[in-house]
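> First the structure, which I've put down as structure tokens, then a few questions once you've had a look.
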Amino acid sequence: MTSDAEAAAGSGQIDGERVARLLLSRVAEPGDVELGRRVAELGAVETVQQLRGGGLRHRGLLNLRARLDAARPDRDLAVGAALGARFVIPGDAEWPEQLADLVRISRTDAGVPLGLWLRGPLDLAAACRRSVAIVGARASTAYGEYVASEMALGLAERQWTVVSGGAYGIDGAAHRGALSAAGSTIAVLACGVDIAYPRGHTALIDRISQEGLVLSEWPPGCAPMRHRFLVRNRVIAALTAGTVVVEAAARSGALSTANRARELDRHVMSVPGPVTSTMSHGTNQLLREPDVRCVTGAADVLELVGQLGADLAPQLTLPADPRDELDEISRRVLESVPLRRAAGPASISVAAGISPQQVLRALGGLAARGFVERIETGWRLTRGP
């Protein structure tokens, strides 16, 4: 092992458990529940030994054993070290304990990660204690990107970490919104941390690696594949206190993140969109579910995921209307004054159902406030007080 590899090992030392998890993460796809159970029962070192000796029963045993012979954990660590990346495992101070909740999901590809590659200055465990996922469509609209950016900015200003997938559209808008507030953001990739995907986000992902955190279960060099994005989404859901879907078509991958969040008993939130927009079909459909909350900004999100009594959204205040200060009789008289012509007190009295004496008193008060004025033919409305 090289000294660079040792420095990148997470705890500062190469230990058997870490190397074994490195090996297993190279030979098996992340989320393998069957393999994860063996590691939980036997430990990673014993699992590797049984895999090499043929004592491990696994549906893909032959493929795993062949890959194991070709795996080079020292090379992975050296590549990671050159990038400034580190490999953390359960038991490390930086490991988020909430990932253990993944055992609740009844899927064969939703197991607890064997380890995580991290690239960036943030402490993962600390950053995720107050974190929210913002996800959505890649083919987003200007409306969706604006909402995602403003929501992320508001969360970052309140010291909440914004977690997303680094993709085009809503993901990118969320990351940029958090960065614009000098806040914390985490990009969870479906490829190695040494690969910027999509390529158009190379500069964005590099910036996140410098100011936030780029995270992946896949070792360096692993390319993005279609199925890996769906597997990756469970980590986004598990790391955070809740998931906000800003825009999503009817079959959007962002909805899988929301589904994983629901299975993990995390908060699920959705931003309403135009009923005419195909990019809002998924989010509007989510709002039909009883356990999904409608949110329109950071304040709504924090009221749901924040501390009780400390992160309440401000009450909606209506604009002041001078008519609110009028008594009941004055309001009835004002509503009975014609819009386009003048009227006498008698006709106003009939329309309002109030005696002429009360009408005259009310008209005097309304005139003093600037609501009505008297002309030769009677009383008429003004442009307002």
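> The stretch 323-385: which trypsin sites (Lys or Arg not before Pro) are DSSP loop and have at most 13 other beta-carbon atoms within 10 angstrom?
Here the sparse-neighbourhood loop sites are Arg340, Arg341, Arg383.
> A further question follows. What do you get for the angle between helix 73-83 and the principal long axis of the chain? Use alpha-carbon atoms, 0 to 90 degrees, nearest ten.
Value to nearest ten degrees: 40.
> Add -39500 (n - 2.57) for each DSSP H run of 4 or more in the chain, then divide by its residues: what number comes out at 222 nm, to the nearest 500 deg cm²/dmol?
Dividing the helical sum by the residues of the chain leaves -13000 deg cm²/dmol.
> Give me Glu46, Glu97 sorted ascending by neighbouring Cβ count inside 10 Å, so fewest comes first.
Listing Glu46, Glu97 from fewest to most nearby Cβ atoms yields Glu97, Glu46.
> Treating the angle as unsigned and between 0 and 90°, give the value, to the nearest 10°, between the Cα long axis of helix 61-70 and the longest Cα principal axis of the chain.
Roughly 80 degrees between the two axes.
> Still on this structure, please answer the following. Express as a percent, rounded to the nearest 5, the fraction of DSSP beta bridges in the chain (both residues included) that run antiparallel.
40 percent
> Another question, if that's okay. Rounded to two decimals, what is the ratio between the C-alpha radius of gyration of the stretch 170-271 and 2.2 N^0.38 Å?
1.05
> Assuming 1.567 mPa s and 4 °C, estimate D for the stretch 335-385 with Stokes-Einstein, Rh taken as the Kirkwood radius over Cα pairs, in µm²/s.
Once the numbers are plugged in, D ends up at 122 µm²/s.
> Now for a separate question. Measure nothing fancy, just the Cα-based angle from helix 142-157's long axis to the longest principal axis of the chain, in degrees from 0 to 90, nearest 10.
80 degrees
> Another question about this same structure. How high is the FRET efficiency between Asp101 and Val350 when r is their beta carbon distance and R₀ equals 56 Å, given to the nearest 0.05?
According to the calculation, E is roughly 0.20.
> Find how many whole Å separate the alpha carbon centroid of the stretch 254-299 from the alpha carbon centroid of the stretch 151-227.
21 Å
> Using Cα pairs closer than 8 Å and at least 6 residues apart in sequence, work out the relative contact order for the chain, in percent.
Relative contact order here is 12 percent.
Computed from the coordinates by the stated procedures, all read-outs in this text should not be read as laboratory data. Owing to the predicted nature of the structure, the values given are computational and were not obtained by experimental measurement. With ideal geometry, Cβ positions are generated from the backbone for all residues, glycine too; neighbour counts draw on all protein chains shown.
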